[in-house]
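**Q** Dropping a structure here in structure tokens format, bear with me for questions.
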Amino acid sequence: MAAAVELEGVNVTFGDFVAVRDANLTIEPGEFFSFLGPSGCGKTTLLRTISGFIEPTRGQVKIGGQDMKGIGPNKRPTALIFQNLALFPMMTVAENIGYGLRVRGVPRHERDEKVKTLLIQVALSEHGHKKVSELSGGQKQRVAIARALAVEPSVLLLDEPLSALDLKLRQHMRAELRAIQKRVGITFIYITHDQGEALTMSDRIAVMNAGVIEQVGDGRAVYAEPRTPFVASFVGENNRIRGRVSAVEDGFATLDTPLGALKGRNPVALSVGQEALLFVRPEVLRLHANGGTSGFAGETLDVAYEGSVSHITLRVKTGQKVTASVGGGVPLPAAGEELHLGFTPEDGLLLALPEGHGR
Amino acid sequence: MNGSLAFIFGLPLAVVVLFFALSAYERRRGIATGPGFFQRNGLAVGLYLVLAVGFWAFFIILLPQLAMVDMSFRPKLPPAQMGGPKDLYTLENYRYFLFGSTTSTAEWNWLHIKAFFLTIGVSILITLINFAICYPLAFHMAQSASAARLRVLLLLLILPYWVNEILRAFAFRVLLSSGGIINQLLMGSGLTHEPIDFLGADVGLYMGLSYAYLLMMIFPLYNAIESLDRNQVEAARDLGAPWWHIHAFIVLPHAKPGIASGCTLVFMLTAGALAAPLVLGGPRTLWFTPIVYDRFYQAFNWPQGAAYAFILLVSCILFVLVVLKAFRLSLGEITR
Ligand SMILES: Nc1ncnc2c1ncn2[C@@H]1O[C@H](COP(=O)(O)OP(=O)(O)OP(=O)(O)O)[C@@H](O)[C@H]1O
Ligand SMILES: [Mg+2]
């Protein structure tokens, strides 16, 4: 079976500005695939390139194995859910959902049947006759989904569809979207700048930064095995210390830092003398750690108690802050107390300093 | 005279009192929300606003029109007899429009009736032409033009209107006359041997009228289309809609109020245009407004002129209301 979507060396430029650089990617049929990245990194641009509103400056977009060059958005087997939904306000809910069928010339009774089924699927069967403006945020969301699903796309593209909702509804809609995807079985390509959303919903995630896809992998991979400093700091919390590699031994390396020698895993094969960054997640740091661990010593700045976890902020001697998250039941230090936080080398991660990176 | 003076100054005052009463009533009934009109603007400014608007509405709009209506129901009399025993209300002026002078043998006053319907019909046609010209331009300006292009287009649209209406009409005349540039070009290129009588065939008139109120169409359209979320156009396209479907079912319904207000303006102004028909009308053209003009200044029959003007006004208003009704638009909507 051909891949749902393939990007081959896709570049999109606006004038001199490169919005997407050398995107190479294969998205499998039936996958829930997310693009995760900060605002302005080119997610929407990439999605619009897949849906056909933007032609790539260079490279190729293939959908279902077919080159999409010169094929307009109205002819592609994709459906896009817009960041602001873009429902048609002068039509009823049912008319909105049936619009794609209407332009395809599907006969009225067939259309009505289909709309009815879709209304049931998104739990809006009571609301078909209503105007869009009479619906709540979550209901509008579902209308947009039903409208897109009505044309039976092989790929559904969603541009931050939950960003306008409040937290509670957003969490509810996450589960619902995921359930809908499982049910219809088509490929979902989902855009978000919310890492929690990406991690909970996706089969795989592409992390983007400034137009570049930095890493592609499942949630565990991008969280636990980041391959670039950007991914390490953007996905989840991370403490970061800069230094120079002083020793390398199979799979591990030691970094000379202003806080002393710190040891961590070396997945990107750094060599001695190279500048590098050490990343340590807050949840792997242990209080009062002893023995074979390396770690950070400093003054406790703040202790935030959250019940099941507590967040401890430490100021180390360089003035930098280090955060640790510890589980319940651990005796907590008081603010101002001198503290030592430790981690094992398996929990430290060394990554190359990106080129032209200042601090 | 004393009575009418009291009337003239009393009415605006009555408006103020009415306004106060209304706001007090709304306040008591709890209809009005938020701070009241005078609380919001202060007493002095509020009073000024009410007085000024009342005065303006009364003197500039209502009073002259009422005077016209009143005059249209009176006979033509020398000034000395005005208000005299012969100055009685009569339908004579309206009768004249339909049946002509009492001495005429014809059954109907065909000349004027034809001119009237021609004016209405051609005004409708010109409104439609204006819409056809302006819609694509307004759509481009509102949805796809870059900011720089938009500025240039707006400038190009507005600049020609710095030239006054009469001059513009004469420019058309010069352009289209038998010795004009267009005829010279046509004959020079060998397409025709004789000059074409554009003006006699009313081509000049229709062109002039179409051009005269173009802006009145384009700006309401532009405003209406501009407020359409671009994503809606794209959503429709993404769902597979061909371009004409998008215009017919997404853009036009959204722009309906703008279309209505543009068409209303152009229709009213065209039907009431005077300069273009006077300058560009061919010798056989009978436009209604020059006839009205003639009633006043050639026949010196002001009451009849008033009646004719009133007929045109009421017909236009009725026509517009009927069309709005047909398109399920309220008057309130077209002013949005
Ligand atoms: N039509 C355009 N012309 C010029 N620059 C553009 C255009 N569209 C987008 N850009 C630029 O490309 C970059 C990426 O924009 P894009 O909309 O893809 O970001 P995004 O990742 O979707 O951000 P957000 O999360 O805020 O929606 C931005 O810097 C933006 O200014
Ligand atoms: Mg975006």
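The values are calculated or read from the model by the stated rules, or taken from the named source; none is laboratory data. No experiment lies behind these values; they were computed from the predicted model shown. We place every Cβ from the backbone using ideal geometry, glycine too, and count neighbours over all the protein chains shown. For accessibility, only protein heavy atoms count, side chains too; no ligands or nucleic acids. Shrake-Rupley method; radii C 1.70, N 1.55, O 1.52, S 1.80 Å.
**Q** For region B:223-246, name all the residues that are open to solvent by less than 40 Å² (accessible area, probe 1.4 Å) and more than 11 Å from chain A (Cβ to nearest Cβ).
**A** B:Ala224, B:Ile225
**Q** If you don't mind, there's one more thing I want to ask. If you check B:Gly262 against the conditions, is it touching a Lys or Arg at 6+ places or on another chain (Cβ under 9 Å) and not hydrophobic (A, V, I, L, M, F, W, C)? Steps first, please.
**A** Working: touching a Lys or Arg at 6+ places or on another chain (Cβ under 9 Å): no; not hydrophobic (A, V, I, L, M, F, W, C): yes.
Answer is no for this residue.
**Q** Moving on to the next point. Picking from A:Gly42, A:Gly37, A:Gly100, which residue would you name as being within 13 Å of A:Val10 (Cβ to Cβ) and in contact (Cβ under 8 Å) with a residue 12 or more places away in the chain? Break it down stepwise before answering.
**A** Working: A:Gly37 fails: within 13 Å of A:Val10 (Cβ to Cβ); A:Gly100 fails: within 13 Å of A:Val10 (Cβ to Cβ).
One residue alone meets the criteria, A:Gly42.
**Q** Of all residues in region A:189-214, which are part of a strand (DSSP E or B), away from ligand 2 (no atom under 16 Å from the Cβ) and open to solvent by less than 20 Å² (accessible area, probe 1.4 Å)?
**A** Within region A:189-214, just A:Ile205 meets the criteria.
**Q** Suppose we keep only residues that are at pLDDT 90 or above and more than 17 Å from A:Arg286 (Cα to Cα) within region A:321-359. Which one would you say is surrounded by the fewest Cβ atoms within 10 Å (Cβ to Cβ)?
**A** A:Ala352
**Q** Here's another thing I want to ask about it. With the structure loaded, tell me whether A:Arg48 is open to solvent by 40 Å² or more (accessible area, probe 1.4 Å) and away from every other protein chain (no Cβ under 14 Å) or whether it fails that test.
**A** no
**Q** Next question. List, please: which pairs have Cβ atoms under 9 Å, are six or more places apart or on different chains, and start with a residue in region B:184-201 that is closer than 12 Å to B:Gly281 by Cα and end with one that is open to solvent by 70 Å² or more (accessible area, probe 1.4 Å) and modelled with pLDDT of 85 or more?
**A** B:Phe198/B:Met207; B:Leu199/B:Arg173
**Q** Pairs needed: first member in region A:146-175, within 14 Å of chain B (Cβ to nearest Cβ) and part of a helix (DSSP H, G or I); second member anywhere, open to solvent by 10 Å² or more (accessible area, probe 1.4 Å) and within 16 Å of ligand 1 (Cβ to nearest atom); C-beta distance under 8 Å; at least 6 residues apart or different chains.
**A** Correct list of pairs: A:Ala148/A:Leu80.
**Q** Right, next: Going residue by residue through region A:82-91, is there one that turns out to be open to solvent by 20 Å² or more (accessible area, probe 1.4 Å), within 13 Å of ligand 1 (Cβ to nearest atom) and in contact with a Ser or Thr (Cβ under 9 Å, 6 or more places away or on another chain)? It would help to see each step written out before you state the result.
**A** Step one: of region A:82-91, the residues open to solvent by 20 Å² or more (accessible area, probe 1.4 Å) are A:83-85, A:89-90.
Restricting the remaining residues to those that are within 13 Å of ligand 1 (Cβ to nearest atom) gives A:83-84.
Right, trim to in contact with a Ser or Thr (Cβ under 9 Å, 6 or more places away or on another chain) and you get A:83.
For region A:82-91, residues open to solvent by 20 Å² or more (accessible area, probe 1.4 Å), within 13 Å of ligand 1 (Cβ to nearest atom) and in contact with a Ser or Thr (Cβ under 9 Å, 6 or more places away or on another chain): present.
**Q** Just a yes or no: is a residue in region A:179-188 surrounded by 23 or more Cβ atoms within 10 Å (Cβ to Cβ) and touching a helix residue (DSSP H, G or I) at 6+ places or on another chain (Cβ under 9 Å)?
**A** yes
**Q** Shifting gears a bit: Among B:Leu215, B:Leu228, B:Leu155, B:Leu167, which is closer than 30 Å to A:Val143 by Cα and either part of a helix (DSSP H, G or I) or not basic (Lys, Arg) (or both)? Show your work before the answer.
**A** On the way: B:Leu215 fails: closer than 30 Å to A:Val143 by Cα; B:Leu155 fails: closer than 30 Å to A:Val143 by Cα; B:Leu167 fails: closer than 30 Å to A:Val143 by Cα.
Exactly one of B:Leu215, B:Leu228, B:Leu155, B:Leu167 is closer than 30 Å to A:Val143 by Cα and either part of a helix (DSSP H, G or I) or not basic (Lys, Arg) (or both), namely B:Leu228.
**Q** Which residue is farthest from B:Met268 (Cα to Cα), if the candidates are limited to region B:114-124 and must be of a type in the set (A, V, I, L, M, F, W, C) and open to solvent by less than 20 Å² (accessible area, probe 1.4 Å)? Working first, answer last.
**A** Step one: filter region B:114-124 for residues of a type in the set (A, V, I, L, M, F, W, C), giving B:115-118, B:120, B:122, B:124.
Among the residues that remain, those that are also open to solvent by less than 20 Å² (accessible area, probe 1.4 Å) are: B:115-116, B:122.
Numbers: B:Ala115: 16, B:Phe116: 14, B:Val122: 12 Å.
Per the stated criteria, the residue is B:Ala115.
**Q** Here's another thing I want to ask about it. From the list B:Val152, B:Val122, pick out the single residue that is in the same structural domain as B:Ala212 (by TED's automatic domain parsing), of a type outside the set (D, E, K, R) and within 21 Å of B:Val292 (Cα to Cα). Even if it seems obvious, please write down each step before you answer.
**A** Working: B:Val152 fails: within 21 Å of B:Val292 (Cα to Cα).
Result: B:Val122 is the single residue among B:Val152, B:Val122 that is in the same structural domain as B:Ala212 (by TED's automatic domain parsing), of a type outside the set (D, E, K, R) and within 21 Å of B:Val292 (Cα to Cα).
**Q** If a residue must be more than 7 Å from chain B (Cβ to nearest Cβ) and free of Cβ contacts under 8 Å to residues at least 12 places away in the same chain, how many such residues does region A:82-97 contain?
**A** Of all residues in region A:82-97, those more than 7 Å from chain B (Cβ to nearest Cβ) come to A:83, A:85, A:87, A:89, A:91-97.
Filter once more, keeping what is free of Cβ contacts under 8 Å to residues at least 12 places away in the same chain: A:95.
Residues flagged as more than 7 Å from chain B (Cβ to nearest Cβ) and free of Cβ contacts under 8 Å to residues at least 12 places away in the same chain within region A:82-97 amount to 1.
**Q** Further, regarding this structure: Quick one: which residue in A:Gln171, A:Gln195, A:Gln181 is within 16 Å of ligand 1 (Cβ to nearest atom) and closer than 18 Å to A:Ser34 by Cβ? If you could, list the steps in order and put the result at the bottom.
**A** On the way: A:Gln171 fails: within 16 Å of ligand 1 (Cβ to nearest atom); A:Gln181 fails: within 16 Å of ligand 1 (Cβ to nearest atom).
A:Gln195 is the lone residue from the list that is within 16 Å of ligand 1 (Cβ to nearest atom) and closer than 18 Å to A:Ser34 by Cβ.
**Q** Please go through region A:149-164 and pick out each residue that is open to solvent by 20 Å² or more (accessible area, probe 1.4 Å) and either touching a Phe, Trp or Tyr at 6+ places or on another chain (Cβ under 7 Å) or within 16 Å of ligand 1 (Cβ to nearest atom) (or both).
**A** Passing the criteria: A:Ser163, A:Ala164.
**Q** Let me ask something else. Please go through region A:65-81 and give me each residue that is more than 14 Å from every other protein chain (Cβ to nearest Cβ) and either within 13 Å of ligand 1 (Cβ to nearest atom) or open to solvent by 50 Å² or more (accessible area, probe 1.4 Å) (or both), ordered by number. Explain how you work it out, then say what you get.
**A** Residues of region A:65-81 more than 14 Å from every other protein chain (Cβ to nearest Cβ): A:65-67, A:69-70.
Once the filter is applied, which keeps residues that are more than 14 Å from every other protein chain (Cβ to nearest Cβ) and either within 13 Å of ligand 1 (Cβ to nearest atom) or open to solvent by 50 Å² or more (accessible area, probe 1.4 Å) (or both), region A:65-81 yields A:Gln66, A:Asp67, A:Lys69, A:Gly70.
Yes/no per residue for (1) open to solvent by less than 40 Å² (accessible area, probe 1.4 Å); (2) more than 16 Å from B:Ala115 (Cβ to Cβ); (3) at pLDDT below 90:
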{"site": "B:Cys263", "(1), (2), (3)": "yes, yes, no"}
{"site": "B:Val266", "(1), (2), (3)": "yes, yes, no"}
{"site": "B:Val279", "(1), (2), (3)": "yes, yes, yes"}
{"site": "B:Leu286", "(1), (2), (3)": "no, no, yes"}
{"site": "B:Pro290", "(1), (2), (3)": "yes, no, yes"}
{"site": "B:Gln298", "(1), (2), (3)": "no, no, yes"}
{"site": "B:Tyr308", "(1), (2), (3)": "yes, no, yes"}
{"site": "B:Ser315", "(1), (2), (3)": "yes, no, no"}
{"site": "B:Ala326", "(1), (2), (3)": "no, yes, yes"}
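**Q** Next question. Take B:Ser178 and tell me if it is farther than 30 Å from A:Ala150 by Cα, of a type outside the set (A, V, I, L, M, F, W, C) and within 14 Å of chain A (Cβ to nearest Cβ). Break it down into steps so the answer makes sense when it comes.
**A** Details: farther than 30 Å from A:Ala150 by Cα: yes; of a type outside the set (A, V, I, L, M, F, W, C): yes; within 14 Å of chain A (Cβ to nearest Cβ): no.
No; evaluated as a whole, the condition is false for this residue.
**Q** Residues that are away from ligand 2 (no atom under 16 Å from the Cβ) and touching a Leu at 6+ places or on another chain (Cβ under 9 Å): find the helices (runs of 4 or more DSSP H) completely inside region A:8-123 holding 1 or more of those.
**A** Numbers: elements: A:43-51, A:93-103, A:108-121.
Because the criterion is at least 1 residues that are away from ligand 2 (no atom under 16 Å from the Cβ) and touching a Leu at 6+ places or on another chain (Cβ under 9 Å), the helices (runs of 4 or more DSSP H) in region A:8-123 that meet it are A:93-103, A:108-121.
**Q** For A:Thr57, which of the numbered conditions (1) among the polar types (S, T, N, Q); (2) within 16 Å of ligand 1 (Cβ to nearest atom); (3) surrounded by 15 or more Cβ atoms within 10 Å (Cβ to Cβ) fails to hold?
**A** (3)
**Q** Within region A:215-243, which residues are open to solvent by less than 10 Å² (accessible area, probe 1.4 Å) and either in a helix (DSSP H, G or I) or within 16 Å of ligand 2 (Cβ to nearest atom) (or both)?
**A** A:Val222, A:Val231, A:Ala232
**Q** Quick check on this structure: which one of A:Glu6, A:Glu28 is closer than 27 Å to A:Ala179 by Cα, more than 13 Å from ligand 1 (Cβ to nearest atom) and touching a Lys or Arg at 6+ places or on another chain (Cβ under 7 Å)?
**A** The unique qualifying residue is A:Glu6.
For (1) outside the structural domain of B:Ala115 (by TED's automatic domain parsing); (2) open to solvent by less than 70 Å² (accessible area, probe 1.4 Å); (3) modelled with pLDDT of 85 or more; (4) within 34 Å of the chain's Cα centre (by Cα), each residue gets a yes or a no:
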residue: B:Arg168; (1), (2), (3), (4): no, yes, yes, yes
residue: B:Ala171; (1), (2), (3), (4): no, yes, yes, yes
residue: B:Val174; (1), (2), (3), (4): no, no, yes, yes
residue: B:Asn183; (1), (2), (3), (4): no, yes, yes, yes
residue: B:Gly190; (1), (2), (3), (4): no, yes, no, no
residue: B:Glu194; (1), (2), (3), (4): no, no, no, no
residue: B:Phe198; (1), (2), (3), (4): no, yes, no, yes
